[in-house]
Amino acid sequence: MRALARAITMVERRDAEVRELQQALRDRVQTPYVVGFTGAPGTGKSTLVDALVALLRKRERSVAVIATDPNSPFTGGAILGDRIRMQRHALDPKVFIRSMGARGHLGGLSLAAREAIRLLGAFGFDPVILETVGVGQSELEVAAVADTTVVVLTPNLGDGVQMIKAGILEIADIFVVNKADLEGHQRVATELRSMLSLAPKSQDKAWKQPIVATSATRQEGIEELWAAIESHRKHREAGGKAKAQAEQRLKDETAEVVAEIARQRAREALADGGVLAERLREDGTPYEVAEEILRLLRGPRELTP
Amino acid sequence: MSPAKAPAKPVRILLAKVGLDGHDRGVKVVARALRDAGYEVIYTGLRQTPEMVVDAALQEDAQVIGLSLHSGAHMTLFPAVVSELKKKNATDIIVFGGGIIPDDDVEELKKQGVAELFTPGTPLQDIVEWLRKRFPSS
Amino acid sequence: MKVRARDPHQVWREEFESSRTKRTDNIETSTISGVPVKPLYTSDDLPVRAEEMPGQYPYTRGIHPTGYRGRLWTMRQFSGFATAEETNKRYKYLLANGQTGLSVAFDMPTLMGQDSDAPTSRGEIGHCGVAVDSLADMETLFDGIPLGDITTSMTINSPAAILLCMYLAVAEKQGVPFKKLGGTLQNDILKEFIAQKEFIFPPEPSMRLVVDSIEYCAAEVPKWNTISISGYHIREAGSTAAQELAFTLAVEEIAKFRAARRIWARWMREKYGAQDERSWKLRFHTQTAGVSLTAQQPELNIARTALEALSAVLGGTQSLHTNAMDEVLALPTDDSARLALRTQQLIAYETGVVNTIDPLGGSYFIESLTDEIERQAEAYFRRIEELGGVIPAIEAGFFQKEIADAAFRYQQELEQKRRIMIGVNDFTVDEEAPIEILRIDPKLEAQQVERVRAVRARRDQARCEAALNRLRTAAAGSDNLMPHILEAVKAYATEGEIMNTLIDVFGVYTEKAVI
């Protein structure tokens, strides 16, 4: 367990040893199924994930959770508190929970999360649940990594379904209306259903986004949720979508890795006191120095993200 | 407290309330202060057993465990965390504690492997400075 | 030409502004709750309202027309440690020294509804209160103390109904009729979710147990105060005085008590339409602030506690606990417990403040502050209502967040030396002589574990199981649970067994992370 935990830290920090690790694990890689959970603060995502973990354990699956939280961008510090709801699984060796800060880097959490997911797969965890609070761009990042994206809503939204953040309806493969014990639950589900029937939002035209009612605190609707996730998985695999998406994502990820390496090399090249930093000051515009850095990038150095 | 420069590789600190009491004022104030000082804090909540704390710290790859307790059970539970770490071959993880702890107990707990103890009235800056000494790169 | 006398207010203002002898340190002058405090209050600050009188609505100046000329407050020291046997000795000692009521402090396993032999009880037994696992312990705790002659307060919440039933069962054995029993059960479960965090069941079934105990006592134990709303733990967790008022029923302390009586009376009469005048009268118990005590120069805590106790008395408290100087380090020793009690006696018999009812009434400052706290508390009530009431606000983490924010702010003010705590961030000494503190003998833990096991071994097992099964069935339905709990207690079912039976039906609660 410690080896896995340390390896995740390495990919998070983008340590130089990561490449070696990746090589070593190459043959063991078994990409796990990734379920993303996102939703506004206070929708009960962590409790829901906790309940789903309990169900999966009953079915003897080894399950991992990556809980992400936006960092405080100014200091780089963070308080990660999603474990609180899941600590009853702390002593279960078949459950691995990891809290991840976004660390404020431009690539967001997706690169580190993808690497961590591969590691978790190599250690036999499948599925991996990726949870994020729906602020900023984080839910889009989750959708870009997850095979099935679950968007969690609650009856006490306040402003009704109309006000759901733009872009959220499109990334959902499954909607959960959590806190089904609260008043207004039916109304939210009905509004959502009629909105989706007027204008389907799923990016996969052949998939009708189901709406599942849950009460995570009462452990209700969890089986139905897992059934919906399973049926989405089968849908993707049957239609060949899974394979096509995997290929596309690999391309995207490769482009991101390149961008990340380039960004890091550029920062090194522009370090204070260097020739390029001086030139940049003289030029006052970035383009010529950028060309110069790109020329340097073609040099013989090892690619270590 | 002045905001620190973002550490390139944040030190991860697991904070937990061991024992049965629910006095979480202190641990939450410390969590905020450490966050503001640039640390990544994982808070596991109330009523954690030593075994739960250590397993969570291992999964989270925390370099430091901070324990808070106000019920008087520190002489039992703090050393239990240290010995659980020994059992899991993870003695490189540093343990510190906070709470209502008489001076004699502070000495005894240090002997038993708790790195430092912070009692009521400790300025937050002292905790941050202690961590900075332990992790100069942070 | 006639020379007009200058307005004395204006003269003072000019003199104050131009004076060169003013402190230049950066000390915060607002109250800890953030109420701005002016350098001087005058008749301009006195609110215009009909004269308020003690014993008359809205009771700002006290609920009794006689104040302390009628009756002093109850001197009720919160006390309990180690085993029932040790604590029983302490109770007898305090009563012999002039204490007028008992107040039981339970240890953490008891507060959390678990037996001393539960794995998570290790290290906790008897440390911050007395260990009570079953009726057998309660019998020992009150051995030789006639329950008909004293009143007892029990600070316990999630398992409150069980401990009350144990007390009732002891009274029955002593032959004291329930109708004669007086005392108070804290039973304030909502603040557990907000601040003290000793919750077990989710809010709804927790509230059912509270309501069941209130209904049962109204019929069977009519003199018992079945609920006591606590601001104390909320304040300890870091809230401000206005938040404390708004959250629970939802100097500064004196004004707070006066404002609380006025708000309570008005809400009961005008908002809830309560008819019985007695229900308009807010009565309260006060505990001096544990959070104000320091481990540094602990003798200073005697002075702090005396000042706080004085404000409680000036605010018109019905009952008072004074902290002992060593409570920041451990539970009080016999000597420090007596000293704390003596502090109250000193206020009652030497200072003369009890001879005048509401002695600070009419003070420009106090009256103005009373109004200000009332305004702030009302603003909080409105916010809570906007959130849909207390339980939705708890679930949304509202109170927890407000408290955590206030605590953090206060800590920062201390660190910036904008607030001074003597001996902590100023006026420190380098070397301190350690003071004697109470040590709980580690052997007691094993003895208590042995004791609860012995109780289980010698009881009528069939009777106990049958009682627990009836309780389980009742919990799944809607019957009042009190008679069933009482039966289980009398069959020597342990506290942990009764709680676990209820947990089977009610489930447990995990809080949302609010940091």
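Values for this structure:
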{"quantity": "Above-threshold pairs, the threshold being 18 Å between Cα atoms, out of B:Lys28/C:Lys197; A:Lys205/A:Lys251; C:Lys256/C:Lys281; A:Lys58/A:Lys94", "calculated": "A:Lys205/A:Lys251"}
{"quantity": "At most 14 other Cβ within 10 Å, DSSP loop - trypsin sites (Lys or Arg not before Pro), the range C:435-470", "calculated": "C:Arg439"}
{"quantity": "A:Leu91/C:Ala379 FRET efficiency (R0 45 Å; Cβ-Cβ; nearest 0.05)", "calculated": "0.50"}
{"quantity": "Chain B, relative contact order in percent, only Cα pairs under 8 angstrom and at least six apart counted", "calculated": "26"}
{"quantity": "Charge context of C:Tyr364, other residues only, Cβ under 12 angstrom, K/R +1, D/E -1", "calculated": "-3"}
{"quantity": "Qualifying lysines (Cα of each under 17 Å from Cα of C:Lys22; at least 8 residues distant if same chain)", "calculated": "C:Lys38"}
{"quantity": "Heavy-atom SASA rank of A:Arg88, C:Arg383, C:Arg262, C:Arg23 (probe 1.4 Å, accessible area, largest first)", "calculated": "C:Arg23, A:Arg88, C:Arg383, C:Arg262"}
{"quantity": "Value of relative contact order over chain A, rounded to a whole percent, pairs C-alpha under 8 Å and six or more apart", "calculated": "19"}
{"quantity": "Per-residue mean of C-beta atoms belonging to partner chains within 10 Å, peptide B:55-66", "calculated": "5"}
{"quantity": "Selected from A:Thr75, A:Thr31, A:Thr190 as most flexible by GNM, with chain A as the system and alpha-carbon contacts under 10 Å", "calculated": "A:Thr75"}
{"quantity": "Partner chain coverage, peptide C:124-133 - average Cβ within 10 angstrom", "calculated": "3"}
{"quantity": "In order through the range C:374-382: 3J(HN,Hα) via Karplus (6.51 cos²θ - 1.76 cosθ + 1.60), integer Hz, x for Gly, Pro", "calculated": "4, 4, 5, 5, 4, 4, 5, 4, 5"}
{"quantity": "Ordering of C:94-105, B:120-131 by packing [mean C-beta count within 10 Å, highest first]", "calculated": "C:94-105, B:120-131"}
{"quantity": "A:Lys94 accessible area, assembled protein chains, probe 1.4 Å, Å²", "calculated": "100"}
{"quantity": "Mean Cβ neighbour count within 10 Å, used as a protection proxy, ranking C:181-192, B:17-28, C:271-282, A:48-59 highest first", "calculated": "B:17-28, C:181-192, A:48-59, C:271-282"}
{"quantity": "Hits among aspartates and glutamates - C-alpha to C-alpha of C:Lys179 under 16 Å, sequence gap 8 or more where chains match", "calculated": "C:Asp149, C:Glu215, C:Glu220"}
{"quantity": "Karplus-derived HN-Hα couplings along the range C:216-224 (A = 6.51, B = -1.76, C = 1.60, θ = phi - 60°), whole Hz, x at Gly and Pro", "calculated": "4, 5, 4, 8, 9, 10, x, 8, 7"}
{"quantity": "Rel. contact order, % - alpha carbon contacts under 8 angstrom, at least six apart, the range A:1-89", "calculated": "18"}
{"quantity": "Net charge dipole size for the range A:249-297 [Lys, Arg +1 and Asp, Glu -1 on Cβ; Debye, nearest 20]", "calculated": "160"}
{"quantity": "27 Å Cα-Cα reach of C:Lys173 towards lysines, excluding residues that sit fewer than 8 places from it in its own chain", "calculated": "C:Lys89, C:Lys92, C:Lys223, C:Lys490"}
{"quantity": "Accessible area of chain B divided out per residue, in Å², using a probe of 1.4 angstrom", "calculated": "34"}
{"quantity": "For C:192-200, mean number of other protein chain Cβ atoms within 10 Å", "calculated": "3"}
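The values are calculated or read from the model by the stated rules, or taken from the named source; none is laboratory data. Everything numeric in this text was worked out from a predicted model, so none of it was measured. All Cβ positions, even for glycine, are placed from backbone atoms using ideal geometry, and neighbour counts span all protein chains on display. Remember, those area values only see protein heavy atoms, side chains included, never the ligands or the DNA or RNA. Shrake-Rupley method; radii C 1.70, N 1.55, O 1.52, S 1.80 Å.
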